[in-house]
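The values are calculated or read from the model by the stated rules, or taken from the named source; none is laboratory data. Quick caveat, the model's predicted, so the values are computed rather than measured. Using ideal geometry, Cβ is built from the backbone for each residue, glycine included, and neighbour counts are taken over all protein chains shown. Surface accessibility is based on the protein's heavy atoms, side chains included, excluding ligands, DNA and RNA. Shrake-Rupley method; radii C 1.70, N 1.55, O 1.52, S 1.80 Å.
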Amino acid sequence: MSKPILKGMEGIFIPVKDPELSAKWYEKKLGFTVIYIEVDAAVMKIAEHSQTVVCLVKTPNHQPMKFPDNNFGVGKYYNFIPQDIEEAHRLLVEKDIKVNPISEEGTTRFFTFYDLDGNPLGVCQ
């Protein structure tokens with residue numbers, strides 16, 4: 001087996017209507033930290049020691065992300081890793097975020113929630 005070429009994920013890009021408004025939502029609801037905001041994007045840190053940043057990109061004629069139909073059952077592009085999936089689910093519900101129930105497949109547990117712009121985002125543990 002050959003040595004991997006890549007070692008992780010630097011950033012994920014999420015389409016939004018208004019980067020500044022969305023950044024406030026991600027900060028208040030998910031606890032992300034703003035690195036910087038400009039007219040067309042907001043760059044945020046997921047957690048203090050996370051290498052991965054989230055870039056909220058302004059998109060004209062915004063449409064929420066939609067994963068193509070498939071037989072694998074995937075409906076979103078990103079899964080975030082929680083400290084505790086039950087607590088994450090409870091906190092999102094308490095913050096009035098649209099959240100699907102926790103599902104299980106084998107030892108993996110996961111759910112989908114939706115951001116301010118209707119983008120489906122996942123949590124998986």
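What pairs come out if I take residues in region 1-29 that are more than 16 Å from D40 (Cβ to Cβ) and pair them with residues that are open to solvent by 100 Å² or more (accessible area, probe 1.4 Å) and among the hydroxyl-bearing types (S, T, Y) whose C-beta lies under 8 Å away, six or more apart or interchain?
Pairs found: I12/Y77.
Taking G31 as the residue in question, decide whether it is of a type in the set (G, A, S), under 18 Å from P120 (Cβ atoms) and loosely packed, with under 14 Cβ neighbours inside 10 Å.
On the way: of a type in the set (G, A, S): yes; under 18 Å from P120 (Cβ atoms): no; loosely packed, with under 14 Cβ neighbours inside 10 Å: yes.
The answer is no for G31.
As an exercise: evaluate F111 against (1) touching a residue at least 40 places away in the same chain (Cβ under 8 Å); (2) in contact with a Pro (Cβ under 9 Å, 6 or more places away or on another chain) and give the number of the one condition it does not meet.
Here F111 clears every test but (1).
Out of the residues in region 47-82 meeting the condition of being open to solvent by less than 80 Å² (accessible area, probe 1.4 Å) and in a strand (DSSP E or B), tell me which one is farthest from Q125 (Cα to Cα).
Looking at residues that are open to solvent by less than 80 Å² (accessible area, probe 1.4 Å) and in a strand (DSSP E or B), I get V57.
Where residues in region 1-27 are part of a loop (DSSP other than H, G, I, E, B) and surrounded by 11 or more Cβ atoms within 10 Å (Cβ to Cβ), which of them is nearest to the chain's Cα centre (by Cα)? Can you show your working first?
If we filter region 1-27 for residues that are part of a loop (DSSP other than H, G, I, E, B), which is where we start, we get 1-10, 17-18.
Narrowing further to those that are surrounded by 11 or more Cβ atoms within 10 Å (Cβ to Cβ): 9, 17-18.
Numbers: M9: 13, K17: 16, D18: 16 Å.
Selected residue: M9.
For the structure I just gave you, tell me whether K76 is under 19 Å from T112 (Cβ atoms) and modelled with pLDDT under 95.
Working: under 19 Å from T112 (Cβ atoms): yes; modelled with pLDDT under 95: yes.
When the stated conditions are applied, K76 passes them.
Would you check which residues across region 37-46 are under 12 Å from the mean Cα position of the chain (by Cα) and open to solvent by 90 Å² or more (accessible area, probe 1.4 Å) and list them? Let's see the steps before the verdict.
Going through region 37-46, the residues under 12 Å from the mean Cα position of the chain (by Cα) turn out to be 44-46.
Across region 37-46, there are no qualifying residues.
Which of the residues belonging to region 83-99 are of a type in the set (A, V, I, L, M) and in a loop (DSSP other than H, G, I, E, B)?
I97
For L121, indicate whether it is at negative phi and in contact with a Phe, Trp or Tyr (Cβ under 6 Å, 6 or more places away or on another chain).
Working: at negative phi: yes; in contact with a Phe, Trp or Tyr (Cβ under 6 Å, 6 or more places away or on another chain): yes.
Answer is yes for this residue.
Could you check region 86-125 and list, in sequence order, the residues that are closer than 12 Å to K76 by Cα and open to solvent by 50 Å² or more (accessible area, probe 1.4 Å)?
If the condition is that a residue be closer than 12 Å to K76 by Cα and open to solvent by 50 Å² or more (accessible area, probe 1.4 Å), then F110, Y114 are the ones that fit.
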